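Let me begin by presenting the structure, written as C-alpha cells, before commenting on it.
Please treat every number below as a calculation from the coordinates, not as lab data. Note that the coordinates shown come from a computational prediction; the quantities given were computed from them, not determined experimentally. Note that we place each Cβ from the backbone using ideal geometry, even for glycine, and neighbour counts take in every protein chain shown.
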Amino acid sequence: MTSRAGVDVRPITESEFADWQRAMNVGFLREPSLSEEILDARREQFTPGRSVGAFDGGRCVATFRSFAQELTVVGGATVPADAVTNVTVTATHRRRGLLTRMMERDLAAAKERGDVVATLIAAEYPIYGRYGFGPATSAAEWTIDVPRAGLDPRRAGPEDGGRVDLVDAGDVRKLGPELHERLRRTQPGVVSRDELWWRVTTGAVRFWPDFKEPYYVVYRSAAGEVEGMAAYTVDDEWTDAKQPLNTARVKWLTGVTPAAERALWLYLCSIDWVVRVKSGWRAPDDLLPHFLPDPRAAAVTTQADWLWVRILDVVRALEARTYEGAGSLVLEVADRAGAAAGRYRLEVSEDGTGVCEPAAESADLSLDVAELAVLWLGDESAVRLAALGRVREERAGAARQADALLRTSRRPWCPDVF
C-alpha cells in the first residue's frame, strides 16, 4: 500500500500518453494494450495540461481529462464548459482521494479560465454529487417492434415532398456540422462537436479496434434543405425457418424539424428484413412513439440520468438562460468547494430575460450547488426536490414560484457521450 503523499498527481507529458491510456483501459475494464495505430489516433485528443494522471512509483494508476466545450442553455445561448471525461482509478488505488485531487485541480483551473460550468456523463450515479455535479438532463432508449407499429408496408417514402437518401461518410463530414449547429440553436442540453468528433464518428480516425462502419441517411425537405441525418447499423440474424430477426441500431439521429424526425424514423422502420429498431439515446419526451400508428410498438427499454452539470459561476449561469415568465427569486447556494457559494437574487423581466446579482435580503430557497444544476436547464421540479428534502423553502410557495420561472415546455437533452 502506498500513502496518499506517495502518489504524484500531475499533468502527463506526451511521452507518458501510452501509459496513461493503458491505465484508463484498465480502469474501464477494457483490454489494456492498444495498437500503435489507435494510440496515434487518440493522441489527437492530447492537450498539454488537461490530461492528468496519478503516478505511483512511475506507473500511472489514475486518469482524468478535460476539454473545452460549449453547452446550449434554455433560450439558445451557449456557455463555455469544462467537459470532464476519461476518469478512472485503478482497483489497487481506490479510496485514497486520487479522484478528489484530480477533480479539485481541474475545477479550480476551469474557474480561473472563466468556464461557467463543468459537464460530464456519469458511469456511476453516486460519485459526482460530492463534487457539486447534479444530473441536469436524462435520456431514454426505445425499442420499436416494427411489425406491431401499424405502418403501411407499401409506403415508399416521405409524403411531404421531402426525400431520404443514403450518403457516405464524406457527405456526413460535410453536411453534419452545420446541421448540428442548427440543432444547438434550439435544444437546451446539446453540446458542441469539434471537427475530430465527426472524423471519429465516421471512421476517418479509428479510436476503437472494433469500429463497424454504419449506414448514413439524410432527409432533405421539399425545398432541398438538409434537415435530418442518422447513422445506424444492422445485424444479420435469421430464424431456422428463414425468417428475418434483424435489428437496426441507431448510433445517432439529428432532426431540426418534426418532419425530418418523422421521415427518418419511418425510413428506419421500413427497411426490409428489419423487425426491431433500437433508437439509441433520445430525449425523454422524444416525439418518436407518436410518429407510429401504434405508439405502444415503441417501448422504453432504458431511461436514466445523462448529462451532469457543475455550476462554477452562478451569476453567468442564471443570466445566460431565458425564463418562462416574470418574477424574482432569492437563492441561498451552498458549495463545499466554495466556487459558487453565496446568496443570489434572480430578477426576471416580462420578456424572460434574467438579471442575477449577489443579495443581502432573506433567501426564498436554500439548496446545494448540485441541486441548482438539476434545476438550471429546466428538467426538474423544485417542488419535487423540496418534497425529497433536497431543496428547502425559506418562504412558503417559493418552490412553486421557482418552477414557474425555471421549468421548460420541452425537456433538455444531450445527444452525445463524451
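Residues whose amide H falls under 5 Å from that of V74, counting only those 5 or more places apart or on a different chain, are T322, with hydrogens built in the peptide plane.
For the chain, lysine pairs with C-alpha atoms less than 20 angstrom apart, excluding pairs fewer than eight positions apart on the same chain, total 4. Taking a Cβ cut-off of under 12 Å around V116, the surrounding Lys, Arg, Asp and Glu residues balance to a net charge of 0, with basic ones at +1 and acidic ones at -1.
If you count the DSSP beta bridges with both ends in the chain, what percent of them are antiparallel, to the nearest 5?
85
Going by a ≥ b ≥ c, the root eigenvalues of the Cα gyration tensor, does the chain fall in the rounded group (a/c under 1.5), the prolate group (a/b larger than b/c) or the oblate group? Verdict is oblate for the chain.
Between A341 and A326, the distance separating the two model label sites (each 7 Å from Cα on the Cα→Cβ line) works out to 3.6 nm.
Close amide H partners of K251, meaning residues 5 or more places away or on another chain with modelled amide H under 5 Å apart, are A231, Y232, T233. The modelled label-to-label distance for the pair T100/A123, using points 7 Å beyond Cα in the direction of Cβ, is 2.1 nm. Couplings 3J(HN,Hα) for region 218-235, derived from phi with the Karplus relation 6.51 cos²θ - 1.76 cosθ + 1.60 (θ = phi - 60°), are 10, 9, 10, 5, 4, 7, x, 8, 6, 10, x, 7, 8, 10, 8, 10, 9, 7 Hz, where x marks Gly and Pro. In a Debye calculation with equal point scatterers on the alpha-carbon sites of region 105-249 and no solvent, what is log10 I(q)/I(0) at q = 0.15 Å⁻¹? Treating every Cα as an identical point scatterer, log10 I(q)/I(0) equals -1.13.
Taking Cβ atoms as reference points and 12 Å as the exclusive limit, the residues near A297 contribute a net charge of +1, counting Lys and Arg as +1 and Asp and Glu as -1. Between T408 and L183, what FRET efficiency comes out of the Förster formula 1/(1 + (r/R0)^6) with R0 = 22 Å and r the beta carbon distance, rounded to 0.05? Using R0 = 22 Å, I get an efficiency of 0.85.
What the Cβ-Cβ distance of R155 and V234 gives, at R0 = 30 Å and to the nearest 0.05, is a FRET efficiency of 0.95. Apply the a/c threshold of 1.5 to the C-alpha gyration tensor of region 170-268 and tell me whether it is rounded, prolate or oblate. Judged from the Cα gyration tensor, region 170-268 comes out oblate (a/c at least 1.5, b/c at or above a/b).
Taking 0.36 nm per residue of sequence separation and removing the Cα-Cα distance, the D210/T143 pair yields an extension gain of 21.8 nm. When the chain is treated as a Gaussian network with alpha carbon springs shorter than 10 Å, the biggest mean-square fluctuation among W306, W197, W281 belongs to W197. Sequentially through region 22-31, phi angles give Karplus couplings (6.51, -1.76, 1.60; θ = phi - 60°) of 4, 4, 5, 4, 4, x, 8, 6, 9, 4 Hz, Gly and Pro residues having no value and appearing as x. Applying the Karplus relation 6.51 cos²θ - 1.76 cosθ + 1.60 with θ = phi - 60° to region 345-352 yields 3J(HN,Hα) values of 9, 9, 10, 10, 8, 4, 7, x Hz, where x marks Gly and Pro.
Round to the nearest 0.05 the FRET efficiency obtained for L175 and F46 when R0 = 35 Å and r is the Cβ-Cβ distance. In this case the efficiency is close to 0.75. For region 306-418, just say rounded, prolate or oblate: build the C-alpha gyration tensor, square-root its eigenvalues into a ≥ b ≥ c, call rounded for a/c under 1.5, and beyond that prolate if a/b exceeds b/c, oblate if not. Rounded, because the longest to shortest axis ratio a/c is under 1.5.
Please build a GNM for the chain, connecting alpha carbons under 10 Å apart, and tell me which residue among E181, E394, E44 fluctuates the most. With Cα springs under 10 Å in the chain, the top fluctuation among E181, E394, E44 is at E44. Distance from the Cα centroid of region 154-192 to that of region 321-384 is 36 Å (rounded to whole angstrom). Other residues whose C-beta falls under 10 angstrom from the C-beta of S362 contribute a net charge of -2, scoring Lys and Arg +1 and Asp and Glu -1.
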